[in-house]
Amino acid sequence: MWKLLQIELFKIFKRPRTYIAFGAVAAIVFLFQAGMKFDGKSYLDLILNSVSDSFEVSDDFKGRILNGYFICFAILNILLIQMPLLVALIAGDSIAGEANMGTLRLSLSRPVSRTEYMLVKFTASVIYTVILLIWLALIALFGSMIIFGTNTLVVFRAGTIEMMEAGDVMWRYFAAFGYAAVALTTVAALAFLLSVFAENSIGPIIATMSIVIVLTILSEMNIPLYDKTIKPYLFTSHMVAWKGFFYVKADPEGTTIRGSIHNLPAILKSMGILVAYIMLFVGSAVWVFRKKIF
Amino acid sequence: MKIVTLISLLLFPALYAESQTAEELVKQVKAKLDLVNDYEASGTIKTNVVFIKAPVAKVKVYYKKPNKIRINNESGISFIPKGSVNINLSNLFMNNGNYDLIDGGKDATTGYRIVKLLPKEENSEIALSVLYIDEKTALIRKARTTTRENGTYELDMTYGKYASYGLADKVIFSFSTKDYKLPKGVTFDYDDGSKNEQETARMKNKTGRVEIVYSSYKINAGVPDSVFKE
Amino acid sequence: MDTIIRVTGLVKQFSDVRAVDNLSFTVPKGQVYGFLGQNGAGKSTTIRMLLTLITPDEGDIEIFGMNLRRHRREILRQTGAVIERPDMYKYLTALENLRLFATMSGMKASEQKLMEQLDQVGLASRAHSKVKTYSQGMKQRLGIATALVHDPGLIILDEPINGLDPQGIAEIRNLILSLSRDRGKTIFISSHLLSEMELIADSMLIIDKGKKLVEGRVRELFDPAETLVMVKTTDDERACKLLSQSSLHASVKEAGPAGISITIHRDEIPLLVNKLVELGVGVLSLESKHSLENYFLSLTGGQSYVEAAAN
């Protein structure tokens with residue numbers, strides 16, 4: 001099993017396509033960081049507009065808000081919506097790409113069971129996803145920390161401003177990246193399932209992207225009819241729950257409780273739903289694959 | 001005569017105090033505050049605003065005559081309400097005599113002397129300041145300031161070791177907040193389904209409080225001007 | 001163990017098409033076994049069933065004396081296969097491709113061993129080139145190398161010469177012969193070209209519409225006594241008459257505007273020509289075909305085998 005996994009990882013990391021995602025992530029992060037470095041204050045003005053009447057909003061204050069933690073949080077907000085597309089690039093190719101190259105039959109006529117083959121393939125996609133996230137963490141989190149320094153993280157929500165002191169942030173990022181890994185694995189699992197049905201990789205990649213885009217739009221739509229009926233069941237609604245790690249609890253006087261999470265059960269529930277989707281997608285993929293004629 | 005005075009002092013302290021005019025009292029308060037040329041104070045700041053969840057932060061407050069003040073968060077970021085420069089009380093008298101004093105008598109519950117300051121200047125930012133002065137100690141216990149632009153804010157002071165300089169150990173700055181609402185496109189929001197009635201009820205409270213607790217002051221030790229630069 | 005593959009009563013139905021219909025055959029050890037049939041005859045389906053890529057509806061497959069369903073892993077460990085025309089991993093080098101498949105077969109191959117393998121298929125000098133720079137023939141040879149990399153006893157090749165140029169065909173042919181003769185491998189090879197199979201196969205199985213038509217040793221199937229000769233002469237009528245009276249072991253099957261078809265022993269063809277000339281009948285053209293070939297051609301829709309080879 002381990003040997004097979006090594007082969008899969010070798011294949012993934014030997015192909016140029018794999019690095020598109022790493023390059024894309026780096027480009028987006030770099031552009032955002034550069035933008036924030038030179039014009040971050042204008043970006044903040046937009047957000048701070050609604051508090052500038054009641055509070056002192058000096059340049060020094062804005063500069064403090066624009067710290068590495070904040071920059072990373074803003075990057076994740078933008079990027080984690082796009083990352084599924086990058087994950088689909090590899091996971092969607094996983095089986096279909098082999099079918100297209102004619103190597104799938106060669107592989108399946110080796111002494112490897114189909115279930116084993118599928119699990120190895122999927123695991124390789126997950127590892128790729130995790131490595132992509134580690135890369136993101138390196139440049140978006142640690143990179144921003146180096147460029148912008150660290151300070152209290154201020155998270156602007158629609159109705160509240162959540163603040164957590166610098167020492168209370170890092171673990172939240174670890175948790176958020178962990179959650180993001182699960183969220184992206186869900187997309188990988190979907191792409192993987194679609195990959196089983198196709199003979200070339202373009203189909204599953206585009207299909208995955210389309211599904212994720214449509215469902216994300218549905219999740220973001222504010223139509224009361226959908227709020228209770230459809231949205232709670234869409235995996236895309238739960239993919240953004242990593243943000244929950246940055247929503248804190250406060251005591252009655254409004255003081256942030258260090259180390260607290262505002263609604264941990266909601267996060268865990270979302271995570272449970274994602275895990276259920278992963279099992280459903282991967283389980284179906286393996287089932288279909290086992291039945292399939294090659 | 002002396003004895004009479006002494007007895008009257010003992011028996012009717014309030015009566016005696018009443019005899020002091022508002023001007024005299026303010027003068028006395030100012031005299032105390034004037035002892036301070038500058039200070040550097042360390043303490044903690046606690047923000048209590050309905051829509052803000054903020055950690056308690058360490059602050060350094062710098063003051064220099066006549067009106068320079070700066071609150072520096074040493075450990076992070078704090079939302080400092082507008083008008084909070086007046087946590088330094090001498091700023092209340094900034095217009096240096098350019099105001100009318102109105103004696104408001106005594107407060108029924110606390111017994112503090114109420115003195116109202118009305119700036120003479122028409123376009124002064126401050127419309128009215130109401131001071132509650134403890135006559136015995138010549139310390140301002142409470143100050144309510146109404147501004148033209150930024151609403152009304154209130155200061156509550158508790159004194160300790162630095163009372164002789166008119167410097168409080170604890171200042172509670174209360175102010176009215178405006179609605180905070182960000183459009184969804186701008187925010188970092190996600191709906192975790194946890195909006196409840198209690199939360200929205202709490203949100204209706206429009207008064208914010210910032211509490212600064214000073215642990216130490218370095219008085220008249222000199223504060224460089226550079227501190228007050230942005 | 002003299003039988004490597006034993007297939008009994010194999011059936012596979014795809015919706016309304018019976019791709020393989022009650023097929024039985026045995027592949028003896030150490031032979032090159034030709035598996036013939038026109039396109040769509042059921043060859044690929046059979047091969048895929050041998051490799052567990054398709055599950056049969058009925059029937060049994062035994063390889064190396066073991067039931068394929070129950071001993072899939074052990075059997076596949078000793079089997080090498082190239083199915084259709086794999087493109088291989090184009091972004092990897094030949095050596096990397098080979099190492100990958102060796103590992104998949106549960107084998108840890110040294111670089112030296114892998115290079116030897118590439119050398120055997122004539123790719124050693126290009127071992128470090130990416131496969132995307134390879135010609136179709138080179139990819140096919142690399143495919144065969146991947147089938148050989150774990151030193152299997154049985155090698156299954158599905159249409160290995162399909163799409164190759166004559167030189168490529170010759171290279172593969174020589175490779176197959178050397179694997180069989182020098183290394184004692186059993187090779188199960190499918191093709192739709194009888195001429196090619198005739199050159200390399202020891203035994204042969206011909207199927208059509210999923211059913212077995214002929215199975216046997218090539219030597220016996222291609223009995224020289226059964227050679228079919230198509231002759232066009234200056235006077236076909238006279239030629240027929242003369243032949244029936246001659247001492248040659250020839251029998252006239254048919255005489256028509258296209259000429260006379262005669263069944264004759266291959267060794268007697270020169271005598272036949274001499275005889276006709278001696279008797280004053282000019283020979284305009286003569287074409288010899290084995291009767292099996294004729295039979296096979298009728299199956300493939302009458303294509304001549306020059307045309308078939310071009311496909």
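The values are calculated or read from the model by the stated rules, or taken from the named source; none is laboratory data. As the structure is a computational prediction, the values presented were derived from the model and not from experiment. With ideal geometry, Cβ positions are generated from the backbone for all residues, glycine too; neighbour counts draw on all protein chains shown. Only protein heavy atoms, including side chains, enter the accessible area calculation; ligands, DNA and RNA are left aside. Shrake-Rupley method; radii C 1.70, N 1.55, O 1.52, S 1.80 Å.
When A:Ala27 is tested against (1) within 9 Å of another protein chain (Cβ to nearest Cβ); (2) farther than 18 Å from A:Thr150 by Cα; (3) aliphatic (A, V, I, L, M), exactly one condition is not met: (1). No other residue among B:Lys170, B:Lys136, B:Lys116 is open to solvent by 50 Å² or more (accessible area, probe 1.4 Å), at pLDDT 85 or above, under 28 Å from B:Ile219 (Cβ atoms) and assigned to a strand (DSSP E or B) apart from B:Lys170. For the range A:228-247, taking the residues that are among the hydroxyl-bearing types (Ser, Thr, Tyr) and under 15 Å from the mean Cα position of the chain (by Cα), the one that is nearest to B:Asp189 (Cα to Cα) is identified as A:Ser237. In the range B:35-49, the qualifying residues are those that are facing chain A (nearest Cβ under 7 Å) and open to solvent by 10 Å² or more (accessible area, probe 1.4 Å), and the one that is nearest to B:Ile212 (Cα to Cα) is B:Lys46. Annotation: C:Leu213 fulfils all but one of (1) under 19 Å from the mean Cα position of the chain (by Cα); (2) over 25 Å from C:Ile264 (Cβ atoms); the unmet one is (2). Set side by side, the residues A:Ala188, A:Ala176, A:Ala183 differ, and just one is more than 12 Å from every other protein chain (Cβ to nearest Cβ), in a helix (DSSP H, G or I) and over 25 Å from A:Val51 (Cα atoms), which is A:Ala188.
Taking C:Gly143 as the residue in question, decide whether it is over 22 Å from A:Arg15 (Cβ atoms) and either within 14 Å of another protein chain (Cβ to nearest Cβ) or at pLDDT below 90 (or both). It is false that C:Gly143 is over 22 Å from A:Arg15 (Cβ atoms) and either within 14 Å of another protein chain (Cβ to nearest Cβ) or at pLDDT below 90 (or both). Quick check, is B:Glu149 more than 14 Å from chain A (Cβ to nearest Cβ) and acidic (Asp, Glu)? Criteria not met by B:Glu149. Does C:Gly40 satisfy the criteria of being within 14 Å of chain A (Cβ to nearest Cβ), out of contact with any Cys (no Cβ under 8 Å at 6 or more places or on another chain) and either of a type in the set (Asp, Glu) or surrounded by fewer than 22 Cβ atoms within 10 Å (Cβ to Cβ) (or both)? Against the criterion (within 14 Å of chain A (Cβ to nearest Cβ), out of contact with any Cys (no Cβ under 8 Å at 6 or more places or on another chain) and either of a type in the set (Asp, Glu) or surrounded by fewer than 22 Cβ atoms within 10 Å (Cβ to Cβ) (or both)), C:Gly40 does not qualify.
Residue-by-condition table, conditions (1) open to solvent by 20 Å² or more (accessible area, probe 1.4 Å); (2) more than 8 Å from chain B (Cβ to nearest Cβ); (3) not in a helix (DSSP H, G or I):
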residue: A:Thr236; (1), (2), (3): no, yes, no
residue: A:Trp242; (1), (2), (3): no, yes, no
residue: A:Val248; (1), (2), (3): no, no, yes
residue: A:Pro252; (1), (2), (3): yes, yes, yes
residue: A:Arg258; (1), (2), (3): yes, no, yes
residue: A:Ile261; (1), (2), (3): yes, yes, yes
residue: A:Ile267; (1), (2), (3): no, no, no
residue: A:Gly272; (1), (2), (3): yes, yes, no
residue: A:Val275; (1), (2), (3): yes, yes, no
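Scanning the range C:125-134 for residues that are within 21 Å of C:Leu179 (Cβ to Cβ) and either at pLDDT below 90 or open to solvent by 30 Å² or more (accessible area, probe 1.4 Å) (or both) returns C:Ser125, C:Arg126. Looking only at the range A:121-160, residues that are outside any helix (DSSP H, G or I) and open to solvent by 40 Å² or more (accessible area, probe 1.4 Å) come to 1 in all. Considering C:Lys241, C:Lys209, C:Lys232, the condition of being assigned by TED's automatic domain parsing to the domain that holds C:Ile155 and not acidic (Asp, Glu) is satisfied by C:Lys209 alone.
Condition check for A:Val154 on (1) in contact with a Leu (Cβ under 9 Å, 6 or more places away or on another chain); (2) farther than 23 Å from A:Gly23 by Cα; (3) β-branched (Val, Ile, Thr): one failure, at (1).
Can you find a residue in the range C:91-104 that is open to solvent by 40 Å² or more (accessible area, probe 1.4 Å) and part of a loop (DSSP other than H, G, I, E, B)?
No: zero hits.
For the range C:249-285, residues that are surrounded by fewer than 16 Cβ atoms within 10 Å (Cβ to Cβ), of a type in the set (Asp, Glu) and within 21 Å of C:Glu226 (Cβ to Cβ) total 2. A count restricted to the range A:92-106 and to residues that are hydroxyl-bearing (Ser, Thr, Tyr) and either within 23 Å of the chain's Cα centre (by Cα) or surrounded by fewer than 20 Cβ atoms within 10 Å (Cβ to Cβ) (or both) stands at 1. Checked against (1) open to solvent by 70 Å² or more (accessible area, probe 1.4 Å); (2) more than 8 Å from every other protein chain (Cβ to nearest Cβ), C:Leu68 passes all but condition (1). Just so you know, in the range B:189-230 the residues that are among the polar types (S, T, N, Q) and under 29 Å from A:Asp53 (Cα atoms) include one that is modelled with the highest pLDDT, and it is B:Ser226. If I filter the range B:81-92 for residues that are among the charged types (D, E, K, R) and in a strand (DSSP E or B), do I get at least one hit? No, that holds for no residue. Cβ-Cβ distances below 6 Å connect no pair with a first residue in the range A:266-278 that is under 20 Å from A:Leu194 (Cα atoms) and at pLDDT 95 or above, a second residue that is open to solvent by less than 20 Å² (accessible area, probe 1.4 Å) and not in a helix (DSSP H, G or I), and a separation of six or more residues or different chains.
If you go through the range B:66-77 one residue at a time, do you hit one that is open to solvent by less than 20 Å² (accessible area, probe 1.4 Å), in contact (Cβ under 8 Å) with a residue 24 or more places away in the chain and outside any strand (DSSP E or B)? No: zero hits. Taken across the range A:68-91, residues that are of a type outside the set (Val, Ile, Thr), open to solvent by 50 Å² or more (accessible area, probe 1.4 Å) and either within 14 Å of chain C (Cβ to nearest Cβ) or farther than 24 Å from B:Pro183 by Cα (or both) do not occur at all.
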